[in-house]
Every structure is written in C-alpha cells, then in structure tokens.
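Beneath this line is the structure, given in structure tokens, with notes to follow.
The values are calculated or read from the model by the stated rules, or taken from the named source; none is laboratory data. If you're wondering where the values come from, they're calculated on a predicted model, not measured in any experiment. Cβ placement follows ideal geometry from the backbone for every residue including glycine, while neighbour counts extend to all protein chains displayed. All accessible areas refer to the heavy atoms of the entire protein, side chains included, with ligands and DNA or RNA removed. Shrake-Rupley method; radii C 1.70, N 1.55, O 1.52, S 1.80 Å.
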Amino acid sequence: MVTIGQQLRKIRQMLNLSQSQMCAGIFADSFYSKIERGVNNVGILRLITPLNSHNVSLYDFFNPLNEENLPELKLRKQIHSAFNNRDLDQLQKIQESLNDKKSIEYLQINLMLATLKGQTYEVPEEIQQKMKAEALKEDLKQQKDFWDLAMFSSLYGLIELKNVITFIMKNSSALDLTNDSLLTSLLNLIINYLDRCYREKHVYDVQKLSTFVNQIADEYPIIFHKLIVKYYVALLEK
C-alpha cells in the first residue's frame, strides 16, 4: 500500500529535488524526513503548501495513490465491516474469495474468526510479535485506529490484553475521539476484552473501563457498542 510519505518522495524525486529543497520554508528538514519515512503524519492543509510551492496539484498527487490503493482499501473496509457486525458468514465469504491462501489477509481473517468464536488460532511466534508491534503505537497521537488490536486480540493473553487497554485509557487524551473509525475500533477492542474477562472469570478493573466508555459521547456509530459494554459489565458484576 502506497503511503502519503512514499508518494511525496516519488514526487520529489521526479522533480529532482533534495528533501531540504522540497520542504524549504515549510517544514524542518528532520520533520519532513520523518513524513517521507511514515514516522510523522501530515494534515491535508499542511500538505498543500509544499505541493503548491512546486506546482503539484492535489489531483496529480492523490490520483496515483488512490488508484493503487483502492482494491486494498475496499477489501480492508469489507473486512472491518464484517468484523464490526460479528458477521462470521461474511468473513468466511471474503476469505474464500482470496486467491492467495498464504496471504496476510487470509491469516488475519482466521484470527478474527478465532476471536469472535472465543477460540485460539496458532500463529508462528515471529509473526505474532511483528503483528503486535505494528498494532499499537508508543505515541497514541500516531494511532489511526485500533482495528488490528481488535481483530487480533486472540493473540494476546488476558493480562497482556488488560495492560494494552490500561495503556490506552491512561493515554486517551492523545486520541481523536471524534474519529468514527478510531472510536468504533476501540469499542470493538474493549468488547473483545470484556468477553475474555467474562469467559475467563476475570472481573478486576471492570468498573474503571465502564466509566471510561461512559465518558465517550453517544455518537450514532457507537451507541450499540456502548450498550454491549454495559451488558458485559452487568454480567461481570452479576
């Protein structure tokens, strides 16, 4: 999948510019370098400035990126939607449509099915560690959403998952809680954690988690998710 940073580098190289020339008077060299490497994010308003200064239109910048990423983005949206709706049949249909049975998407759907069924799915330790490392950012300001954590929660032990949830709650001020995708994925993660708590009879800190969820505004996309959280809290507290 092509990123904005990779596309910026491609445009810069086509213009035969150095990084310093590309961002002169707009970004610090070190900051811009991190944008190209995908370490720093840049908003659309700030992105317009260097593009305009080198006569690159937004259409010319985004069109190749959209064309290359569209099939992958569409597939990801379908997977997220099926997982969010707990639609096992749809997940299995998507999996059956994949030509490469060794692809990362095929593995991911196996993990999602295991999570939703309360089962385990064996994944090589090396791949587990890689997936976990990519799922949660140390700086939550860089966290676009929590889909990977929610979908792969069966990879984590209960205490390990609890530590992840605790870290997110403690650093929630860094999150954009007006982002529907981030909110929906976060609630999916919390629901999966509460389901594990119920199945494994672990009731510690459930009230703290309930308080955290109650503080999130009742936006339409997550109202049903908040009800499910309340349901699990009621079960756990009998």
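Worth a mention:
- Among the residues here, GLY38 does not qualify as more than 29 Å from the chain's Cα centre (by Cα), at positive phi and surrounded by fewer than 14 Cβ atoms within 10 Å (Cβ to Cβ).
- Some residue of the range 205-214 being in contact with a helix residue (DSSP H, G or I) (Cβ under 9 Å, 6 or more places away or on another chain), at positive phi and in a loop (DSSP other than H, G, I, E, B): yes
- Index of the failed condition, ALA133 passing every other in (1) modelled with pLDDT under 90; (2) among the aliphatic types (A, V, I, L, M); (3) touching a Leu at 6+ places or on another chain (Cβ under 9 Å): (3)
- Scope the range 1-10; condition assigned to a helix (DSSP H, G or I), aliphatic (A, V, I, L, M) and in contact with an Asp or Glu (Cβ under 8 Å, 6 or more places away or on another chain); matching residues: LEU8
- In the range 1-12, the residues that are modelled with pLDDT under 85 form Cβ pairs under 8 Å with partners that are of a type in the set (Gly, Ala, Ser) and surrounded by fewer than 17 Cβ atoms within 10 Å (Cβ to Cβ), at six or more places apart or across chains, as follows: THR3/GLY38.
- Qualifying helices (runs of 4 or more DSSP H) (wholly inside the range 88-193; at least 2 residues being surrounded by 14 or more Cβ atoms within 10 Å (Cβ to Cβ) and within 18 Å of the chain's Cα centre (by Cα)): 104-117, 125-135, 147-151, 158-170
- Residue that is most open to solvent (accessible area, probe 1.4 Å), among those in the range 54-79 that are modelled with pLDDT of 75 or more and of a type in the set (S, T, N, Q): ASN55
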